[in-house]
Amino acid sequence: MSNALFAQLCTLTSSLVLIMGIAVLWRHSLQAYIDSFALQSFFFVLGILTVAIYSGEWELYLVAIMVLALKVAFIPRVLHRARQHVGAGLEIRPFVNTPMSVLLAAILTLVAYAVAQPIVALSDLPTRASIPMALAVVFVGFFIVVSRRSALTQIVGFLVMENGIALIAVLATFGVPLIVELGVFLDVLLGFLVMQVFVYRIRETFATIDVDQLRKLRH
C-alpha cells in the first residue's frame, strides 16, 4: 500500500468516526445514540485494520478483533438492554438543543484542528492529516457528556470520547504495546460495567436517569 493511498484511507475512516460522533448530537432517540456509537466503533475497526495492513503489526489485528467484539457487539447490546430496563426512549430536554449542539460540534472540530496544527506541521507521519479529526472526536465525546441529561447518553459520550483517544493512539504510534492495549480495554470494560450498575441503581432509587433531576434532590 502506497503512502498516499494509506493517508487517504486513514482520512476517510477518521472522517467517518467523527461524523458518527456528531450524529449522536443530531439524534434524539437513545436507540439511535447507541446505534451511532456502534457504527462509529465499526469505522474505528476499519481504521485499525488499515493501519495494521500498512504497518504489518500483527498486534493491531488482535486489537481490531477486540474492538469489534467489545464496542460493536457487546457494549451496544448491553446498552440496549439497559435502555429497555430503565424505560428510557428519548433525550427530551438536553442542556444544549440540537441545532446549537451541531454548531458547537463544528466549532470544536475547528478548535481541534487549531490545537493539532503544530503537531501536524512537525510530523512526517502519513497519518498526520487524520490526527486533528481524532482529536475532534475526543472533544465531541466530552461535549456529549456535559450537554445531555440522560445518564445513558452520558455513557455513550464517554465511549465516543474513548474511541477518539484510542484513534489518536493508533494514528500517532501505529499501535502501542499489546499489554497496554489489553489494560486499556479492561479499564474501559470495567468502567462501562460500573456505570451500568449506577444507572440501574439510580433508576431503581429515584425513578429517573435524568441527572438534572438528581441534582435537584440536593436542595
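Numbers below:
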quantity	calculated
Among (1) of a type in the set (Ser, Thr, Tyr); (2) at pLDDT 85 or above; (3) within 17 Å of LEU171 (Cα to Cα), the one test that SER123 misses	(2)
Complete set of residues in the range 132-144 that are under 8 Å from the mean Cα position of the chain (by Cα) and closer than 16 Å to ILE48 by Cβ	VAL137
Failed condition for ILE131, given (1) open to solvent by 10 Å² or more (accessible area, probe 1.4 Å); (2) farther than 27 Å from LEU9 by Cβ; (3) touching a residue at least 12 places away in the same chain (Cβ under 8 Å)	(2)
Output for the range 52-72, where each listed residue is within 21 Å of LEU125 (Cα to Cα) and not aliphatic (A, V, I, L, M)	TYR54, SER55, GLY56, GLU57, TRP58, GLU59, TYR61
Any hit, the range 145-163, residues being among the acidic types (Asp, Glu) and either within 15 Å of the chain's Cα centre (by Cα) or part of a helix (DSSP H, G or I) (or both)	yes
Among the residues listed as VAL102, VAL146, the single one being closer than 23 Å to ALA32 by Cα and either of a type outside the set (Val, Ile, Thr) or free of Cβ contacts under 8 Å to residues at least 60 places away in the same chain (or both)	VAL146
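This table checks each residue for (1) among the small types (Gly, Ala, Ser); (2) over 15 Å from HIS28 (Cα atoms).
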| position | (1), (2) |
| --- | --- |
| ARG93 | no, no |
| THR98 | no, no |
| ILE107 | no, yes |
| ALA121 | yes, yes |
| SER147 | yes, no |
| THR153 | no, no |
| VAL156 | no, no |
| PHE174 | no, yes |
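The values are calculated or read from the model by the stated rules, or taken from the named source; none is laboratory data. As the structure is a computational prediction, the values presented were derived from the model and not from experiment. Methodologically, a virtual Cβ is constructed for each residue, glycine included, from the backbone with ideal geometry; neighbour enumeration extends over all protein chains shown. Note: accessible area is taken over every heavy atom of the protein model, side chains too, but ligands, DNA and RNA are not part of it. Shrake-Rupley method; radii C 1.70, N 1.55, O 1.52, S 1.80 Å.
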